[in-house]
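K.L.:
First the structure, which I've put down as structure tokens, then a few questions once you've had a look.
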Amino acid sequence: MDSTEKKVRGRMSVYLSWPLLFAALLAAAQVLLFLYDRNSGMLLLPFTAVGVLGAAILALSSGRRCRADVIDFATNYTQVQRELLHDLAVPYGVMDGTGHLLWGNRALEEIFGPVKHKDLYNLIPETEKIGLPREGGKPREGTAHVGEKVFRIQMEAVSMPSDFSRIGFGGLDGEGALSTIFLFDETDIAGIRSELEGGRMVAGFLYLDNYDELVQSVEDVRRSLLIALIDRKVNRFFTQLSGVVKPLERDRYLFAFEHRHLEELRADKFSLLEDVKTVNIGNEMTVTLSVGMGTGGDSFARNFEYAQMAIDMALGRGGDQAVLKDGDTITYFGGKSQSVEKSTRVKARVKAHALRELMGGCDRVIAMGHRLPDVDSFGAAVGIYRVASSVGKKAHIVLNQVPSAIAQLRDRFTPADGYPEDLFLTGDEALELADKENTLVVVVDVNRPQITECPDILARVHQVVVLDHHRQAADSIEGAVLSYVEPYASSACELVAEILQYVGEGVKLRQQEADAMYAGITVDTNNFLNRTGVRTFEAAAFLRRCGADITRVRKLFRDNLEDYMARAQTVSEAQLWNEVYAIGVCRAEGLETPTVIGAQAANELLDIVGVKASFVVTPYQGKMYISARSFDEINVQLIMERLGGGGHMTIAGAQVEGTAEEAVQKLKETILDMRREGELKE
């Protein structure tokens with residue numbers, strides 16, 4: 001019995017006992033008056049007798065009736081409450097601590113039928129994820145779908161009186177615990193919410209990647225027909241989505257459609273990218289598109305900002321793909337073909353002049369590549385040092401460690417060779433020198449901030465320049481004042497070599513600088529066998545004119561015996577999986593730069609007949625580094641992106657957790673999943 005119930009019973013007992021107390025007081029007064037004055041006592045005696053007799057009769061007869069009336073009222077009141085709960089329009093039920101329903105009102109039984117002794121988890125599977133409420137905890141809420149209706153569920157624990165333990169109700173964590181459940185019909189609200197969600201706008205931009213080259217590849221009389229056919233396919237595609245599309249320029253479109261068609265587009269995987277490639281009226285080049293879409297913003301203007309970010313990312317990743325930015329979530333479609341090399345150098349000249357102006361407005365330039373720098377990263381940073389020196393600016397290169405792959409190159413940049421003692425700085429030293437307003441940071445060979453040599457410096461300075469040849473990632477460096485990301489380029493050294501040719505008349509490379517940049521191109525192209533274009537050889541020719549020596553560079557790449565044997569062992573132990581995939585594991589014991597050896601082994605595995613893609617897993621510093629290589633038939637960049645990495649169509653990599661065997665298994669599962677989804681074409 002709780003304290004409230006005791007108080008109620010005490011007050012009722014006092015109220016019903018009051019006539020007897022009054023009679024006792026009256027009798028006491030009669031005795032006192034009789035002792036004081038016999039005549040007065042005799043006069044009051046009849047009244048006292050009547051009062052005592054009436055009180056006795058009231059206590060003995062009316063008291064029982066009052067108690068009976070109270071009990072009858074309580075019984076009727078409880079029955080009324082039960083009827084009200086039973087007829088309540090809101091579905092309501094009571095269940096024990098295991099989720100078995102003990103009672104349900106009429107509205108609940110209209111949905112599920114008789115519910116007594118039925119398991120709540122079977123009736124409403126969503127409640128298993130929501131969980132049952134516990135004493136002292138907050139009510140549990142969630143959403144459930146029952147048939148075509150949507151209900152908001154609210155469950156709350158019932159505080160049980162201690163007396164209930166006598167009849168089998170234990171604590172709330174026991175099987176005798178009680179909880180209540182309410183179901184609120186929100187079908188109409190969910191429908192309205194879905195309608196509003198579906199009506200949100202998706203804004204986008206569509207660019208023709210190779211418009212100039214495309215129109216030049218056909219006869220003059222056919223150019224208008226070619227553009228008309230492309231325009232027709234673009235308009236037809238968005239018309240099927242009930243969208244609108246308008247041309248902005250000769251090679252650019254603006255479009256918009258409702259969010260409700262987004263799932264349809266996802267399932268379709270933006271087929272326009274492949275459909276437009278079928279346009280052929282004698283044009284030598286295949287038509288490719290870049291698409292950027294934005295949604296999830298708090299306004300139309302914000303969606304267009306997202307769309308602009310998405311189209312920049314699509315272009316930065318090499319084009320021939322669609323990028324959807326839904327708030328903070330980014331989705332990619334396409335990107336399965338090689339980037340098209342631009343024959344014009346107008347963009348390189350514009351970027352070179354912009355870089356020169358930025359350097360002219362600062363006091364200090366800091367060049368920085370990625371962690372575990374390779375020859376390309378080092379060579380590109382050296383090229384930036386030369387650009388900064390040509391405009392009279394103090395320049396530094398961030399280098400936290402010197403792997404063996406660049407050790408010989410690094411040793412050629414000493415004070416004895418005419419270079420300043422503080423040319424190379426660690427990340428902490430560079431962070432101390434960096435000034436917000438007067439320092440320019442140039443990031444080369446990487447566009448992801450977390451894998452640079454010193455990520456903290458990017459947040460400190462206001463001016464950051466990005467020069468990279470990798471496909472732009474979702475978590476790329478934001479807020480760069482100048483970005484030159486060209487996935488068609490073979491290497492970062494190629495981009496910097498082009499900039500050097502346009503940045504000014506007084507730029508002259510020294511021999512060791514030309515050697516470093518030439519070595520970067522040589523390594524990233526695997527001796528000019530992979531990803532080489534006309535501009536790659538032009539950049540190499542420029543470096544040769546500046547004094548790069550092929551023999552000196554070749555000597556830099558000679559391996560020691562341990563590295564050579566490790567690479568040979570990796571190749572010999574590799575397995576051929578699914579007939580076209582070569583997969584190997586590079587054992588890192590005793591190797592100074594095992595990831596480089598793994599990448600070299602992956603290159604060699606491609607020389608095996610029938611192999612279309614090669615993967616080498618290398619354990620290093622607690623992680624598994626995967627080097628992926630292919631010819632133009634399989635896009636290894638898409639595979640590595642699934643594993644959290646990235647790169648190019650034919651050269652990519654990723655880092656995964658676990659053991660080497662687990663990494664190989666994860667790689668195989670990823671390839672199988674992508675084949676089932678149609679993402680890989682072999």
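Throughout, read-outs are computed from the coordinates displayed, never taken from laboratory work. It should be emphasised that the depicted structure is a prediction, and the values quoted were computed from it without experimental measurement. Neighbour counts are summed over all protein chains in view; Cβ atoms, including those assigned to glycine, are modelled from backbone coordinates with ideal geometry.
K.L.:
So which of K149/K269; K129/K149; K246/K351; K351/K508; K325/K623; K269/K351 end up more than 26 Å apart by C-alpha? Working shown, then result.
P.N.:
Details: K149/K269 31 Å; K129/K149 19 Å; K246/K351 30 Å; K351/K508 19 Å; K325/K623 30 Å; K269/K351 34 Å.
The answer is K149/K269; K246/K351; K325/K623; K269/K351.
K.L.:
Using alpha-carbon positions, what is the distance between the centroids of the range 346-402 and the range 291-311, in Å?
P.N.:
32
K.L.:
From the Cα gyration tensor of the range 171-301, with a ≥ b ≥ c the square roots of its eigenvalues, which class applies: rounded if a/c is under 1.5, or else prolate if a/b is larger than b/c, or else oblate?
P.N.:
prolate
K.L.:
On to the next question. What Kirkwood Rh does the chain have if only Cα atoms enter the pairwise 1/r average? Answer in Å.
P.N.:
It is 31.9 Å.
K.L.:
What's the local net charge at E197, with K and R +1, D and E -1, over the other residues with C-beta under 13 Å away?
P.N.:
On the way: positive: R193, R200, R260; negative: E195, E258, E263, D326.
Its environment carries a net charge of -1.
K.L.:
What FRET efficiency, computed as 1/(1 + (r/R0)^6) with R0 = 30 Å and r the Cβ-Cβ distance, is obtained for M565 and R675, rounded to the nearest 0.05? Present the calculation step by step, with values, prior to reporting the outcome.
P.N.:
Numbers: r = 35 Å, r/R0 = 1.17.
Efficiency, from the Cβ-Cβ distance: 0.30.
K.L.:
Mean residue ellipticity at 222 nm from the helices of the chain, using -39,500 (n - 2.57) per DSSP H segment of n ≥ 4 over the full residue count, to the nearest 500 deg cm²/dmol?
P.N.:
Rounded to the nearest 500, it is -14000 deg cm²/dmol.
K.L.:
Now for a different question. How would you classify the range 346-556 from its alpha-carbon gyration tensor, with a ≥ b ≥ c the square roots of the eigenvalues: rounded for a/c under 1.5, else prolate if a/b is greater than b/c, otherwise oblate? Could you put the intermediate results ahead of the total?
P.N.:
Values: a/c = 1.34, a/b = 1.22, b/c = 1.10.
Rounded.
K.L.:
May I pose another question? Given the peptides 574-581, 348-355, arrange them by the average over their residues of other C-beta atoms within 10 Å, most packed first. Don't skip to the end; give the middle numbers.
P.N.:
Details: 574-581: 14.9, 348-355: 18.6.
Sorting 574-581, 348-355 by mean packing, highest first, produces 348-355, 574-581.
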